[in-house]
């Protein structure tokens with residue numbers, strides 16, 4: 001009797017555990033959360049919008065100049081294992097070396113273009129900040145009866161300062177992006193050329209081995 005009772009209890013416990021496990025599994029395997037990230041880098045200038053806070057801040061200095069350094073990496077995919085053929089291995093090593101040199105050269109161009117864009121945007125920010133400070137100072141110094149007029153005039157100057165800074169930053173990013181696109185294209189060409197030379201060298205090694 002005791003054995004039968006123990007068996008029944010064990011069976012009920014196992015059933016309960018199984019049901020609980022299934023319930024947990026069901027709740028944890030609901031519809032997958034849709035990712036909002038597209039894997040794409042934010043467009044240049046996405047953080048360079050005019051900040052309307054009291055007209056005291058201009059375009060963000062963390063703007064897209066940081067994003068201008070993005071692009072295809074200089075990662076080589078052409079390195080091959082030894083073919084067992086000295087001449088082929090020499091050609092492959094030479095191709096990889098030439099590719100690495102070209103990629104380093106283009107990466108330097110990208111870095112320089114990014115730095116130049118950042119410098120131009122920083123200067124634009126400083127220039128706008130000065131204009132805004134001057135405009136606000138004139139409002140503060142204005143007589144009470146002239147405050148409204150001075151304030152309206154300051155608002156116009158502040159809006160112009162924002163617009164000028166923003167335009168300068170957009171142009172700086174545009175110029176940098178063009179250089180980066182060209183540099184990445186040259187990197188891709190170098191990688192493709194190295195891959196071609198590697199492929200031909202391997203083919204020649206196989207040809208010689210088959211003789």
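The values are calculated or read from the model by the stated rules, or taken from the named source; none is laboratory data. None of these values were measured; they are calculated from a predicted model. Cβ: placed from backbone, ideal geometry, glycine included. Neighbour counts: every protein chain shown.
A few comments on the model shown:
- Selection status of residue 174, farther than 30 Å from residue 95 by Cβ, in a helix (DSSP H, G or I) and under 34 Å from the mean Cα position of the chain (by Cα): yes
- Selection over the range 103-137 of residues that are within 30 Å of residue 197 (Cβ to Cβ) and surrounded by fewer than 19 Cβ atoms within 10 Å (Cβ to Cβ) gives a count of 7.
- Exactly one residue out of 188, 95 is closer than 30 Å to residue 82 by Cα, at pLDDT 95 or above and under 31 Å from the mean Cα position of the chain (by Cα): that is 188.
- Being part of a helix (DSSP H, G or I) and modelled with pLDDT of 95 or more is not true of residue 145.
- Condition met for residue 134 (over 26 Å from the mean Cα position of the chain (by Cα), over 30 Å from residue 87 (Cβ atoms) and at pLDDT 95 or above): yes
- Some residue of the range 138-147 being surrounded by 15 or more Cβ atoms within 10 Å (Cβ to Cβ) and touching a residue at least 60 places away in the same chain (Cβ under 8 Å): no
- Just one of the numbered conditions (1) modelled with pLDDT of 95 or more; (2) surrounded by 14 or more Cβ atoms within 10 Å (Cβ to Cβ) is not true of residue 199: (1).
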